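Okay, so here's the structure we're looking at.
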Amino acid sequence: MRWLILGAGGIGGYYAARLAAAGEHVTVTSRGEHLAVIQKYGLTLLWEGGELQQPLQAVDHPSLIREFHANDFDVLILAMKAGATDEVMLELSGWLASANVPVLSLQNGVDNEKIIADKIGIGRTLGGLVIKIGGHVVAPGVVSAEGEARIVMGIWPHNTGLGDRRLPLLKKMELAFAAAGIAAEISDNISHALWRKLIINNGVNPLSALTGLNTRQLTHHPEFRHIVLGMMNEVIVASSADGVMLNSQDRDDMFVLISEFNAIKTSMLVDVEKRRTLEVDAICGVVIERCKAVNYDPCYTITVSTLLKQNLLSHIRTSPDIL
């Protein structure tokens, strides 16, 4: 298959290196020094105690538009921060307009697929998420990752069972991931799966960024674990606004998953440490907005996200884009 992965960060870089090492044709996009190092030396993946030095075709977006046609690829994977989705899809909208290649989101949040569908149509939109992976860029051209790194993907918003042309592609991708040693599965209700993932993201990401604690420290702490569960509960309420009826079993499943996983820094905590833009709106903002739509006060999420934003304001002069 011919893959284009938009964003060669911790998540995109991990999957790009693994797929390319298995013989798949992979192109990635990046920028700055990270891009320059990948172009010259390839991408270095630190994973499972080993090191993979993988040559990759890497370009920035202007070069992508100039040198390639969107239909040169079988699938595009969006692996950037959720806050960049609208900007990236707008930037590439003209390039994508004359093509029929589908786009798969592997991002945090539940609204990325809607943004993609608004730009290229629901018939080309695939939803996805990653489970049990911690991945970060640790130096230009170097990605460190740990965990199972399972992919769940599906026809967005759900599989209608009407012979959708996206299903054969998903099955082909599932086989390619398996051949690369990457666990992957196809969901018939990807919207439900995305909201389940948001239970974890809202439960630990903002609180981790606020306290500086990793996932295990939060979920095993005698007090913080209750805040984690409170923020997870608010995702259950929020999901009802989208007609996705999560329940307490979903919360319990996700709490067990994250509490038994490796002690990792959340992506939001890493972003705080590196003074990068946080996904507060894509995670907390969505929960607050949807809860208010069903007349529920998400006090845990409002409190933690407000404290986090206030804490970040102290750094605004030296890092004006961190919010």
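Just to be sure I understand: with springs between alpha-carbon atoms less than 10 Å apart, which residue in L312, L269, L207 has the highest mean-square fluctuation in the Gaussian network model of the chain?
L312
Work out the count of Lys pairs in the chain where the Cα-Cα distance is under 21 Å, with the pair 8 or more places apart or on different chains.
Lysine pair count for the chain: 17.
For the chain, what does the helix formula give at 222 nm: sum of -39500 (n - 2.57) over DSSP H segments with n ≥ 4, over the residue count, nearest 500 deg cm²/dmol?
After summing the helix terms and dividing by the residues of the chain, the value is -14500 deg cm²/dmol.
Roughly how tilted is helix 248-260, in degrees to the nearest 10 and between 0 and 90, from the longest Cα axis of the chain?
Compared with the principal axis, the helix lies near 70 degrees.
Taking the chain as the reference, fit the longest principal axis to its C-alpha atoms, fit the long axis of helix 224-239 to the helix C-alpha atoms, and give the angle between the two in degrees, 0 to 90, nearest 10.
Compared with the principal axis, the helix lies near 70 degrees.
Comparing T306, T125, T29, which has the greatest mean-square fluctuation in the GNM of the chain with Cα pairs linked when under 10 Å apart?
Of T306, T125, T29, the Gaussian network model singles out T306 as fluctuating most.
Between the helical axis of 190-211 and the dominant principal axis of the chain, each derived from Cα atoms, what acute angle in degrees is found, rounded to the nearest 10?
Tilt relative to the chain: about 60 degrees.
Can you give the Rg to Rh ratio for the range 1-135, taking only C-alpha atoms and Rh from Kirkwood?
Reported Rg/Rh (Cα atoms, Kirkwood Rh): 0.95.
Under a point-charge model restricted to the Cβ atoms of Lys and Arg (+1) and Asp and Glu (-1), what is the dipole moment magnitude of the chain relative to its Cα centre, in debye to the nearest 20?
I would put it at about 260 debye.
Would you mind ranking C291, C284 by Cβ crowding within 10 Å, fewest neighbours first?
Ranking C291, C284 by Cβ neighbours within 10 Å, fewest first, gives C291, C284.
At 7 Å along Cα-to-Cβ for each site, give me the label-to-label distance between S259 and E289 in nm.
Between S259 and E289, the simple spin-label model gives 3.1 nm.
Taking other Cβ within 10 Å of each residue's Cβ, how do Y296, Y15 sort, fewest first?
Ordered by Cβ neighbours within 10 Å, fewest first: Y296, Y15.
Does the range 192-313 come out rounded, prolate or oblate, given a ≥ b ≥ c as the square roots of the eigenvalues of its C-alpha gyration tensor, rounded meaning a/c under 1.5 and, failing that, prolate meaning a/b above b/c?
Note, shape of the range 192-313 comes out oblate.
Using Cα springs under 10 Å in a Gaussian network model of the chain, which residue among D72, D250, D188 shows the largest mean-square fluctuation?
D72
Could you tell me the center-to-center distance, by alpha carbons, between the range 37-106 and the range 115-163 in angstrom?
Distance between centres, Cα-based: 13 Å.
Given A22, N189, A176, which one lies farthest toward the positive end of the charge dipole of the chain, if we put +1 on the Cβ of every Lys and Arg and -1 on the Cβ of every Asp and Glu?
A22
Determine the percent antiparallel among the DSSP beta bridges restricted to the chain, to the nearest 5.
Taking every DSSP beta bridge within the chain, about 40 percent pair in antiparallel fashion.
Every read-out reported here was derived from the displayed coordinates using simple, explicitly stated rules and does not represent laboratory data. Bear in mind that the values here come from a model prediction, so they are computed numbers and not experimental data. Here the Cβ is made from the backbone with ideal geometry for all residues, glycine too, and neighbour counts use every protein chain on show.
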